[in-house]
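What follows is one structure encoded as C-alpha coordinates, with my remarks underneath.
The values are calculated or read from the model by the stated rules, or taken from the named source; none is laboratory data. Note that the structure is predicted; figures quoted are calculated from it, not measured. Quick reminder, even Gly has a Cβ in these numbers, built from the backbone with ideal geometry, and neighbours come from all protein chains shown.
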Amino acid sequence: MHKFGYKNKKLYCEDLKLETLVKKYGTPLYVYSENTISGHYESLKRAFSDLDTSICFAVKANANLSILKLITNIRGGFDVVSQGELRRVIAAYGDPGKCVFAGVAKSAEEIEFALEKDIYCFNVESEAELLRIDKVAAKMKKKAPVAVRVNPDVEAKTHAKVTTGTYKNKFGVAFDDVMKIYTRGQKLKNVYWRGVQMHIGSQLTSVKPFEQAVRKVAPLAQKLKQKYKIEFFSIGGGMGIVYDPALESGKPEWWKTPAAEKTITPEKYAEAVVPHLKPLGLKILLEPGRFIAGNAGVLISRVEYVKRTAKKNFVIVDAGMNDLMRPALYDSYHEIVPLTKKSGKLLPSDVVGPVCESADTFSVDRPLPSVSEGEYVAFMSAGAYGMTMASNYNTRPYPAEVLVKDDFHHLIRPRQMPARMWESENVARWLKYVRK
Ligand code: LLP
(Lines give C-alpha, C1' and ligand atoms only; values in the text may rest on other atoms or scores of the structure.)
Protein backbone atom coordinates (compact mmCIF):
# COMPACT_ATOMS: atom_id res chain seq x y z
CA MET A 1 0.00 0.00 0.00
CA HIS A 2 3.00 2.30 0.23
CA LYS A 3 4.15 4.54 -2.58
CA PHE A 4 7.82 3.64 -2.98
CA GLY A 5 8.88 1.65 -6.02
CA TYR A 6 11.15 1.41 -9.05
CA LYS A 7 10.43 3.13 -12.38
CA ASN A 8 13.04 2.62 -15.09
CA LYS A 9 15.36 1.10 -12.49
CA LYS A 10 15.25 4.19 -10.26
CA LEU A 11 13.62 4.19 -6.83
CA TYR A 12 10.77 6.68 -6.55
CA CYS A 13 8.71 8.10 -3.73
CA GLU A 14 5.35 8.80 -5.33
CA ASP A 15 6.28 10.60 -8.59
CA LEU A 16 9.64 11.87 -7.42
CA LYS A 17 12.98 10.20 -8.11
CA LEU A 18 14.78 9.79 -4.79
CA GLU A 19 18.15 10.47 -6.43
CA THR A 20 17.00 14.05 -7.04
CA LEU A 21 16.45 14.58 -3.32
CA VAL A 22 19.77 13.02 -2.36
CA LYS A 23 21.64 15.33 -4.75
CA LYS A 24 19.88 18.33 -3.29
CA TYR A 25 19.94 17.54 0.43
CA GLY A 26 22.67 14.93 0.95
CA THR A 27 22.50 11.90 3.22
CA PRO A 28 21.45 10.47 5.66
CA LEU A 29 18.01 11.65 4.58
CA TYR A 30 14.53 10.66 5.74
CA VAL A 31 11.86 10.87 3.03
CA TYR A 32 8.13 10.51 3.74
CA SER A 33 5.24 9.98 1.35
CA GLU A 34 2.21 12.11 2.17
CA ASN A 35 -0.20 10.07 0.07
CA THR A 36 0.88 6.89 1.87
CA ILE A 37 0.16 8.44 5.26
CA SER A 38 -3.24 9.80 4.30
CA GLY A 39 -4.03 6.54 2.44
CA HIS A 40 -3.33 4.48 5.56
CA TYR A 41 -5.40 6.84 7.70
CA GLU A 42 -8.35 6.65 5.31
CA SER A 43 -8.17 2.85 4.98
CA LEU A 44 -8.38 2.46 8.74
CA LYS A 45 -11.22 4.96 8.98
CA ARG A 46 -13.08 3.10 6.21
CA ALA A 47 -12.61 -0.31 7.84
CA PHE A 48 -14.14 0.97 11.08
CA SER A 49 -16.87 3.05 9.44
CA ASP A 50 -19.58 0.94 11.09
CA LEU A 51 -18.64 2.57 14.39
CA ASP A 52 -18.29 6.12 15.64
CA THR A 53 -14.48 6.09 15.41
CA SER A 54 -11.74 8.64 16.10
CA ILE A 55 -8.17 8.04 15.03
CA CYS A 56 -5.56 9.44 17.42
CA PHE A 57 -2.15 9.21 15.75
CA ALA A 58 0.62 8.15 18.17
CA VAL A 59 2.96 11.13 18.02
CA LYS A 60 5.91 9.08 19.28
CA ALA A 61 6.00 7.28 15.93
CA ASN A 62 6.70 10.40 13.89
CA ALA A 63 6.60 13.82 15.48
CA ASN A 64 7.69 16.13 12.66
CA LEU A 65 5.44 19.20 12.60
CA SER A 66 4.54 18.61 8.95
CA ILE A 67 3.37 15.08 9.67
CA LEU A 68 1.31 16.32 12.63
CA LYS A 69 -0.18 19.11 10.51
CA LEU A 70 -1.04 16.56 7.82
CA ILE A 71 -2.87 14.46 10.43
CA THR A 72 -4.65 17.61 11.60
CA ASN A 73 -5.68 18.44 8.02
CA ILE A 74 -7.24 15.00 7.56
CA ARG A 75 -9.11 15.52 10.86
CA GLY A 76 -7.10 13.15 13.02
CA GLY A 77 -6.50 13.42 16.74
CA PHE A 78 -3.37 12.47 18.70
CA ASP A 79 -2.05 10.14 21.37
CA VAL A 80 0.64 12.00 23.31
CA VAL A 81 2.94 10.83 26.10
CA SER A 82 4.62 14.01 27.24
CA GLN A 83 4.20 17.74 27.53
CA GLY A 84 6.69 18.01 24.68
CA GLU A 85 4.51 15.96 22.36
CA LEU A 86 1.42 18.00 23.29
CA ARG A 87 3.35 21.21 22.61
CA ARG A 88 4.37 19.81 19.22
CA VAL A 89 0.73 19.05 18.37
CA ILE A 90 -0.23 22.61 19.31
CA ALA A 91 2.71 23.99 17.29
CA ALA A 92 1.33 22.03 14.32
CA TYR A 93 -2.11 23.65 14.81
CA GLY A 94 -3.54 20.39 16.18
CA ASP A 95 -6.54 20.51 18.52
CA PRO A 96 -5.70 19.59 22.14
CA GLY A 97 -9.38 18.69 22.44
CA LYS A 98 -8.59 15.70 20.22
CA CYS A 99 -5.61 14.54 22.31
CA VAL A 100 -5.39 11.64 24.72
CA PHE A 101 -2.50 11.70 27.17
CA ALA A 102 -0.90 8.34 28.06
CA GLY A 103 2.22 7.46 30.06
CA VAL A 104 3.02 6.05 33.49
CA ALA A 105 4.90 9.04 34.91
CA LYS A 106 2.94 12.21 34.16
CA SER A 107 4.37 14.99 36.30
CA ALA A 108 2.24 17.63 38.04
CA GLU A 109 3.61 20.18 35.61
CA GLU A 110 2.59 18.07 32.62
CA ILE A 111 -0.89 17.51 34.05
CA GLU A 112 -1.31 21.22 34.66
CA PHE A 113 -0.24 22.09 31.12
CA ALA A 114 -2.58 19.51 29.58
CA LEU A 115 -5.49 20.69 31.74
CA GLU A 116 -4.84 24.28 30.80
CA LYS A 117 -5.04 23.22 27.14
CA ASP A 118 -8.28 21.24 27.71
CA ILE A 119 -7.16 17.89 26.31
CA TYR A 120 -9.79 15.26 25.54
CA CYS A 121 -8.70 12.78 28.22
CA PHE A 122 -5.95 11.59 30.56
CA ASN A 123 -5.38 7.86 30.27
CA VAL A 124 -4.55 7.08 33.87
CA GLU A 125 -2.06 4.32 34.62
CA SER A 126 -2.30 4.09 38.44
CA GLU A 127 -4.41 5.19 41.40
CA ALA A 128 -1.63 7.50 42.56
CA GLU A 129 -1.77 9.28 39.22
CA LEU A 130 -5.54 9.67 39.51
CA LEU A 131 -5.11 11.33 42.91
CA ARG A 132 -2.45 13.61 41.49
CA ILE A 133 -4.66 14.68 38.58
CA ASP A 134 -7.50 15.39 41.03
CA LYS A 135 -5.18 17.54 43.14
CA VAL A 136 -3.82 19.54 40.22
CA ALA A 137 -7.34 20.02 38.81
CA ALA A 138 -8.58 21.23 42.23
CA LYS A 139 -5.82 23.82 42.31
CA MET A 140 -6.88 25.00 38.87
CA LYS A 141 -10.59 24.85 39.79
CA LYS A 142 -11.22 22.45 36.92
CA LYS A 143 -12.67 18.98 36.44
CA ALA A 144 -10.29 16.69 34.59
CA PRO A 145 -11.55 14.11 32.05
CA VAL A 146 -10.04 10.73 32.88
CA ALA A 147 -10.02 7.11 31.70
CA VAL A 148 -8.22 4.11 33.11
CA ARG A 149 -5.67 2.33 30.97
CA VAL A 150 -6.59 -1.29 31.56
CA ASN A 151 -3.87 -3.89 31.53
CA PRO A 152 -5.85 -6.90 30.29
CA ASP A 153 -3.00 -9.38 30.83
CA VAL A 154 -3.04 -10.65 27.27
CA GLU A 155 0.10 -11.82 25.46
CA ALA A 156 0.55 -9.68 22.35
CA LYS A 157 2.95 -12.25 20.82
CA THR A 158 5.31 -9.55 19.65
CA HIS A 159 8.87 -8.52 20.61
CA ALA A 160 9.26 -8.48 24.42
CA LYS A 161 10.50 -4.89 24.32
CA VAL A 162 7.26 -3.67 22.73
CA THR A 163 4.80 -5.82 24.70
CA THR A 164 2.75 -3.70 27.12
CA GLY A 165 -0.42 -5.53 28.13
CA THR A 166 0.70 -8.26 30.50
CA TYR A 167 1.15 -8.16 34.27
CA LYS A 168 4.92 -8.25 33.75
CA ASN A 169 4.72 -4.78 32.17
CA LYS A 170 4.68 -1.43 33.96
CA PHE A 171 1.66 -0.20 31.99
CA GLY A 172 -1.94 0.32 33.03
CA VAL A 173 -4.07 -0.92 35.91
CA ALA A 174 -4.46 -4.67 36.38
CA PHE A 175 -7.77 -5.87 34.95
CA ASP A 176 -8.93 -7.16 38.35
CA ASP A 177 -8.36 -3.82 40.07
CA VAL A 178 -10.03 -1.60 37.50
CA MET A 179 -13.52 -1.39 39.08
CA LYS A 180 -11.99 -0.39 42.41
CA ILE A 181 -10.26 2.59 40.86
CA TYR A 182 -13.43 3.74 39.06
CA THR A 183 -15.32 3.61 42.36
CA ARG A 184 -12.56 5.57 44.03
CA GLY A 185 -12.50 8.16 41.24
CA GLN A 186 -16.24 8.69 41.46
CA LYS A 187 -15.71 10.09 44.96
CA LEU A 188 -13.13 12.61 43.84
CA LYS A 189 -14.42 16.11 43.16
CA ASN A 190 -12.12 17.23 40.39
CA VAL A 191 -12.11 14.35 37.93
CA TYR A 192 -14.85 12.75 35.86
CA TRP A 193 -14.81 9.44 34.01
CA ARG A 194 -14.86 9.92 30.29
CA GLY A 195 -13.73 6.51 29.02
CA VAL A 196 -11.65 3.39 29.25
CA GLN A 197 -8.46 2.55 27.36
CA MET A 198 -6.07 -0.30 26.60
CA HIS A 199 -2.97 -0.85 24.48
CA ILE A 200 -1.44 -4.30 24.51
CA GLY A 201 1.68 -3.81 22.42
CA SER A 202 3.20 -2.79 19.14
CA GLN A 203 3.93 -4.50 15.81
CA LEU A 204 1.23 -7.15 16.26
CA THR A 205 1.01 -9.29 13.16
CA SER A 206 -2.02 -11.34 14.13
CA VAL A 207 -5.53 -10.20 15.07
CA LYS A 208 -5.94 -12.86 17.74
CA PRO A 209 -4.45 -10.98 20.71
CA PHE A 210 -6.47 -7.89 19.75
CA GLU A 211 -9.66 -9.90 19.64
CA GLN A 212 -8.83 -11.60 22.92
CA ALA A 213 -8.18 -8.28 24.67
CA VAL A 214 -11.24 -6.52 23.22
CA ARG A 215 -13.42 -9.47 24.16
CA LYS A 216 -12.09 -9.33 27.71
CA VAL A 217 -12.45 -5.57 28.17
CA ALA A 218 -15.75 -4.97 26.28
CA PRO A 219 -18.04 -6.21 29.11
CA LEU A 220 -16.15 -3.97 31.50
CA ALA A 221 -16.66 -1.01 29.14
CA GLN A 222 -20.38 -1.84 29.07
CA LYS A 223 -20.54 -1.80 32.87
CA LEU A 224 -18.63 1.47 33.01
CA LYS A 225 -21.01 3.03 30.52
CA GLN A 226 -24.02 2.09 32.65
CA LYS A 227 -22.46 3.07 35.95
CA TYR A 228 -20.38 6.11 35.09
CA LYS A 229 -21.70 7.18 31.69
CA ILE A 230 -18.34 6.88 29.98
CA GLU A 231 -18.41 7.92 26.32
CA PHE A 232 -15.39 6.19 24.74
CA PHE A 233 -13.41 2.98 24.61
CA SER A 234 -9.89 3.31 23.18
CA ILE A 235 -8.47 0.05 21.89
CA GLY A 236 -4.98 1.51 21.49
CA GLY A 237 -2.55 1.11 18.62
CA GLY A 238 -0.32 -1.80 17.72
CA MET A 239 -1.19 -2.84 14.17
CA GLY A 240 1.90 -4.41 12.65
CA ILE A 241 3.35 -3.70 9.22
CA VAL A 242 5.39 -5.82 6.81
CA TYR A 243 9.08 -5.04 7.17
CA ASP A 244 10.26 -7.84 4.91
CA PRO A 245 8.09 -8.16 1.82
CA ALA A 246 10.68 -10.40 0.20
CA LEU A 247 9.72 -13.10 2.67
CA GLU A 248 6.45 -13.42 0.83
CA SER A 249 8.10 -13.82 -2.56
CA GLY A 250 10.87 -16.17 -1.44
CA LYS A 251 14.56 -15.73 -0.67
CA PRO A 252 17.67 -17.66 -1.72
CA GLU A 253 17.95 -20.96 0.06
CA TRP A 254 20.88 -19.93 2.21
CA TRP A 255 18.85 -17.08 3.61
CA LYS A 256 16.95 -18.48 6.54
CA THR A 257 14.43 -16.40 8.44
CA PRO A 258 12.49 -17.56 11.45
CA ALA A 259 9.05 -17.10 9.97
CA ALA A 260 7.41 -15.69 6.91
CA GLU A 261 6.12 -12.27 7.71
CA LYS A 262 2.47 -11.54 7.26
CA THR A 263 0.46 -8.87 8.88
CA ILE A 264 -2.94 -7.55 9.68
CA THR A 265 -5.04 -5.52 7.27
CA PRO A 266 -7.47 -2.87 8.56
CA GLU A 267 -10.33 -5.02 7.22
CA LYS A 268 -9.18 -8.15 9.09
CA TYR A 269 -8.65 -6.12 12.24
CA ALA A 270 -12.10 -4.56 12.03
CA GLU A 271 -13.73 -7.90 11.22
CA ALA A 272 -12.26 -9.37 14.42
CA VAL A 273 -13.10 -6.58 16.85
CA VAL A 274 -16.11 -4.64 15.52
CA PRO A 275 -18.65 -7.35 16.48
CA HIS A 276 -17.53 -6.99 20.12
CA LEU A 277 -17.46 -3.19 19.98
CA LYS A 278 -20.63 -2.32 18.11
CA PRO A 279 -23.13 -3.41 20.80
CA LEU A 280 -21.43 -1.07 23.27
CA GLY A 281 -22.65 2.06 21.50
CA LEU A 282 -19.50 3.86 22.62
CA LYS A 283 -17.19 6.11 20.66
CA ILE A 284 -14.19 3.98 19.67
CA LEU A 285 -10.68 5.44 19.63
CA LEU A 286 -7.78 3.93 17.71
CA GLU A 287 -4.19 5.01 18.45
CA PRO A 288 -2.13 3.81 15.51
CA GLY A 289 1.42 5.04 14.99
CA ARG A 290 3.39 2.50 12.97
CA PHE A 291 0.48 1.52 10.72
CA ILE A 292 0.04 5.12 9.59
CA ALA A 293 3.67 6.18 9.21
CA GLY A 294 5.91 3.08 9.17
CA ASN A 295 5.81 2.15 5.49
CA ALA A 296 5.45 5.81 4.54
CA GLY A 297 9.10 6.65 5.16
CA VAL A 298 12.59 5.59 4.12
CA LEU A 299 16.06 6.52 5.29
CA ILE A 300 18.52 7.04 2.46
CA SER A 301 22.22 6.56 3.00
CA ARG A 302 25.40 6.72 0.92
CA VAL A 303 27.84 3.83 0.69
CA GLU A 304 31.13 5.18 2.05
CA TYR A 305 33.28 2.07 1.72
CA VAL A 306 33.01 -1.59 0.89
CA LYS A 307 35.30 -3.76 3.00
CA ARG A 308 35.75 -7.40 2.00
CA THR A 309 37.36 -9.66 4.56
CA ALA A 310 37.89 -13.42 4.58
CA LYS A 311 34.59 -13.82 6.42
CA LYS A 312 32.50 -10.82 5.52
CA ASN A 313 31.38 -8.33 2.94
CA PHE A 314 30.93 -5.11 4.91
CA VAL A 315 28.98 -2.36 3.24
CA ILE A 316 29.80 0.74 5.30
CA VAL A 317 27.16 3.44 4.97
CA ASP A 318 26.88 7.00 6.28
CA ALA A 319 23.75 6.36 8.39
CA GLY A 320 24.24 4.92 11.84
CA MET A 321 22.36 3.51 14.79
CA ASN A 322 21.96 7.10 15.98
CA ASP A 323 19.83 7.80 12.87
CA LEU A 324 17.83 4.55 12.88
CA MET A 325 18.04 2.77 16.20
CA ARG A 326 15.58 -0.08 15.73
CA PRO A 327 18.00 -2.74 14.41
CA ALA A 328 20.45 -2.09 17.27
CA LEU A 329 17.76 -2.00 19.94
CA TYR A 330 15.35 -4.73 18.84
CA ASP A 331 17.27 -6.59 16.10
CA SER A 332 14.60 -5.20 13.80
CA TYR A 333 14.62 -5.96 10.12
CA HIS A 334 14.55 -3.11 7.60
CA GLU A 335 14.64 -3.99 3.94
CA ILE A 336 17.68 -2.45 2.24
CA VAL A 337 17.47 -1.59 -1.46
CA PRO A 338 19.74 0.38 -3.79
CA LEU A 339 18.38 3.62 -5.31
CA THR A 340 19.34 2.21 -8.72
CA LYS A 341 17.98 -1.27 -9.28
CA LYS A 342 20.65 -3.87 -9.91
CA SER A 343 20.68 -7.19 -11.63
CA GLY A 344 23.28 -9.85 -11.00
CA LYS A 345 24.36 -12.01 -8.10
CA LEU A 346 23.35 -11.28 -4.53
CA LEU A 347 26.13 -11.16 -1.96
CA PRO A 348 25.79 -11.95 1.74
CA SER A 349 26.35 -8.48 3.19
CA ASP A 350 26.70 -6.81 6.56
CA VAL A 351 25.45 -3.27 6.17
CA VAL A 352 27.02 -1.26 8.97
CA GLY A 353 27.16 2.37 10.04
CA PRO A 354 29.92 4.74 11.21
CA VAL A 355 29.17 4.59 14.95
CA CYS A 356 31.82 3.03 17.17
CA GLU A 357 29.71 0.11 18.38
CA SER A 358 29.27 -3.35 16.98
CA ALA A 359 25.53 -2.89 17.47
CA ASP A 360 25.67 -0.34 14.66
CA THR A 361 24.64 -3.05 12.21
CA PHE A 362 21.65 -3.02 9.88
CA SER A 363 22.01 -6.48 8.36
CA VAL A 364 24.05 -9.62 8.93
CA ASP A 365 24.94 -11.81 5.94
CA ARG A 366 21.89 -10.56 4.11
CA PRO A 367 21.70 -11.30 0.37
CA LEU A 368 22.04 -7.91 -1.26
CA PRO A 369 23.02 -6.73 -4.70
CA SER A 370 26.64 -5.69 -4.89
CA VAL A 371 27.02 -1.94 -4.33
CA SER A 372 30.09 0.25 -4.41
CA GLU A 373 31.39 3.44 -2.88
CA GLY A 374 29.28 6.49 -3.73
CA GLU A 375 26.09 4.54 -4.44
CA TYR A 376 22.95 5.01 -2.37
CA VAL A 377 20.74 2.60 -0.48
CA ALA A 378 17.35 3.06 1.16
CA PHE A 379 16.30 1.54 4.47
CA MET A 380 12.63 0.85 3.93
CA SER A 381 9.76 1.20 6.44
CA ALA A 382 11.60 3.79 8.50
CA GLY A 383 8.74 6.28 8.80
CA ALA A 384 7.77 5.24 12.32
CA TYR A 385 10.14 5.19 15.30
CA GLY A 386 12.98 6.23 12.99
CA MET A 387 13.65 9.94 13.36
CA THR A 388 11.81 10.12 16.71
CA MET A 389 14.34 7.73 18.25
CA ALA A 390 17.39 9.35 16.64
CA SER A 391 20.13 10.77 18.83
CA ASN A 392 23.34 12.76 18.61
CA TYR A 393 25.45 9.80 19.75
CA ASN A 394 29.05 10.09 18.55
CA THR A 395 28.20 13.80 18.06
CA ARG A 396 26.54 13.03 14.77
CA PRO A 397 23.98 15.61 13.66
CA TYR A 398 20.32 14.75 13.14
CA PRO A 399 19.55 13.82 9.53
CA ALA A 400 17.35 15.95 7.28
CA GLU A 401 13.69 15.12 6.55
CA VAL A 402 11.73 15.68 3.35
CA LEU A 403 8.01 15.29 2.69
CA VAL A 404 6.91 14.26 -0.81
CA LYS A 405 3.49 14.62 -2.36
CA ASP A 406 3.01 13.55 -5.98
CA ASP A 407 6.04 15.05 -7.74
CA PHE A 408 6.76 17.91 -5.37
CA HIS A 409 8.58 18.00 -2.08
CA HIS A 410 9.47 20.15 0.90
CA LEU A 411 12.45 20.06 3.26
CA ILE A 412 10.55 19.66 6.54
CA ARG A 413 13.67 19.61 8.69
CA PRO A 414 17.12 20.70 7.54
CA ARG A 415 20.14 18.66 8.52
CA GLN A 416 21.32 19.75 11.96
CA MET A 417 24.28 22.15 11.86
CA PRO A 418 27.21 20.66 13.80
CA ALA A 419 27.54 23.62 16.23
CA ARG A 420 23.86 23.18 17.21
CA MET A 421 24.80 19.96 18.95
CA TRP A 422 26.67 21.75 21.74
CA GLU A 423 25.19 25.24 21.61
CA SER A 424 23.34 24.86 24.90
CA GLU A 425 26.33 23.48 26.80
CA ASN A 426 28.62 25.61 28.99
CA VAL A 427 32.15 25.13 30.19
CA ALA A 428 32.08 25.27 34.03
CA ARG A 429 33.55 28.54 35.24
CA TRP A 430 36.43 26.95 37.15
CA LEU A 431 37.54 25.09 34.04
CA LYS A 432 37.83 28.20 31.94
CA TYR A 433 40.99 29.67 33.39
CA VAL A 434 43.62 27.01 33.59
CA ARG A 435 46.80 27.91 35.56
CA LYS A 436 49.75 26.76 33.56
N1 LLP B 1 -0.87 3.97 22.20
C2 LLP B 1 -0.02 3.79 23.22
C3 LLP B 1 -0.51 4.02 24.59
C4 LLP B 1 1.31 3.40 22.99
O5 LLP B 1 2.14 3.22 24.00
C6 LLP B 1 1.75 3.19 21.64
C7 LLP B 1 3.14 2.78 21.36
C8 LLP B 1 0.83 3.41 20.61
C9 LLP B 1 -0.47 3.78 20.92
C10 LLP B 1 1.20 3.24 19.16
O11 LLP B 1 1.58 1.95 18.85
P12 LLP B 1 1.80 1.50 17.33
O13 LLP B 1 0.48 1.62 16.62
O14 LLP B 1 2.80 2.41 16.71
O15 LLP B 1 2.28 0.11 17.42
N16 LLP B 1 9.91 1.98 19.48
C17 LLP B 1 9.23 0.75 19.18
C18 LLP B 1 7.73 0.88 19.33
C19 LLP B 1 7.28 1.36 20.68
C20 LLP B 1 5.80 1.58 20.80
C21 LLP B 1 5.43 2.25 22.09
N22 LLP B 1 4.02 2.53 22.24
C23 LLP B 1 9.64 0.28 17.79
O24 LLP B 1 10.43 0.95 17.13
O25 LLP B 1 9.24 -0.80 17.35
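For (1) among the aromatic types (Phe, Trp, Tyr); (2) under 21 Å from the mean Cα position of the chain (by Cα), each residue gets a yes or a no:
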residue: Asn322; (1), (2): no, yes
residue: Pro354; (1), (2): no, no
residue: Glu357; (1), (2): no, no
residue: Ser381; (1), (2): no, yes
residue: Tyr385; (1), (2): yes, yes
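Residues in region 117-150 that are under 25 Å from Pro209 (Cα atoms) and either at pLDDT below 95 or aliphatic (A, V, I, L, M) (or both): Val124, Ala147, Val148, Val150. Yes or no: region 399-415 includes at least one residue that is of a type in the set (Phe, Trp, Tyr), surrounded by fewer than 16 Cβ atoms within 10 Å (Cβ to Cβ) and touching a residue at least 12 places away in the same chain (Cβ under 8 Å). The answer is yes, given that some residue of region 399-415 is of a type in the set (Phe, Trp, Tyr), surrounded by fewer than 16 Cβ atoms within 10 Å (Cβ to Cβ) and touching a residue at least 12 places away in the same chain (Cβ under 8 Å). Scan region 335-358 for residues that are touching a Leu at 6+ places or on another chain (Cβ under 8 Å), modelled with pLDDT of 95 or more and part of a loop (DSSP other than H, G, I, E, B) and the total you get is 1.
Could you tell me how many of the residues in region 151-162 are more than 25 Å from Ala128 (Cα to Cα) and surrounded by 21 or more Cβ atoms within 10 Å (Cβ to Cβ)? Qualifying residue count for the region: 1. Regarding Pro367, is this residue more than 28 Å from Met1 (Cα to Cα) and not in a helix (DSSP H, G or I)? When the stated conditions are applied, Pro367 does not pass them. Of everything in region 203-223 that is small (Gly, Ala, Ser) and in a helix (DSSP H, G or I), the residue that is surrounded by the most Cβ atoms within 10 Å (Cβ to Cβ) is Ala213.
For first residues located in region 13-39 and within 20 Å of Pro354 (Cβ to Cβ), partners that are hydrophobic (A, V, I, L, M, F, W, C) and not in a strand (DSSP E or B) and lie 6+ apart or on another chain with Cβ distances below 6 Å form the pairs Pro28/Ala319; Tyr30/Met387.
Table: residues versus (1) in the same structural domain as Lys223 (by TED's automatic domain parsing); (2) farther than 28 Å from Leu65 by Cβ.
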residue	(1), (2)
Ile264	yes, yes
Phe314	no, yes
Leu324	no, no
Cys356	no, yes
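Gly165 versus (1) buried (at least 17 other Cβ atoms within 10 Å of the Cβ); (2) farther than 17 Å from Ser126 by Cβ: which is the lone unmet condition? Of (1) buried (at least 17 other Cβ atoms within 10 Å of the Cβ); (2) farther than 17 Å from Ser126 by Cβ, only one is false for Gly165: (2).
Looking only at residues of region 328-352 that are away from the ligand (no atom under 16 Å from the Cβ) and touching a residue at least 40 places away in the same chain (Cβ under 8 Å), we find that the one that is nearest to Lys312 (Cα to Cα) is Pro348.
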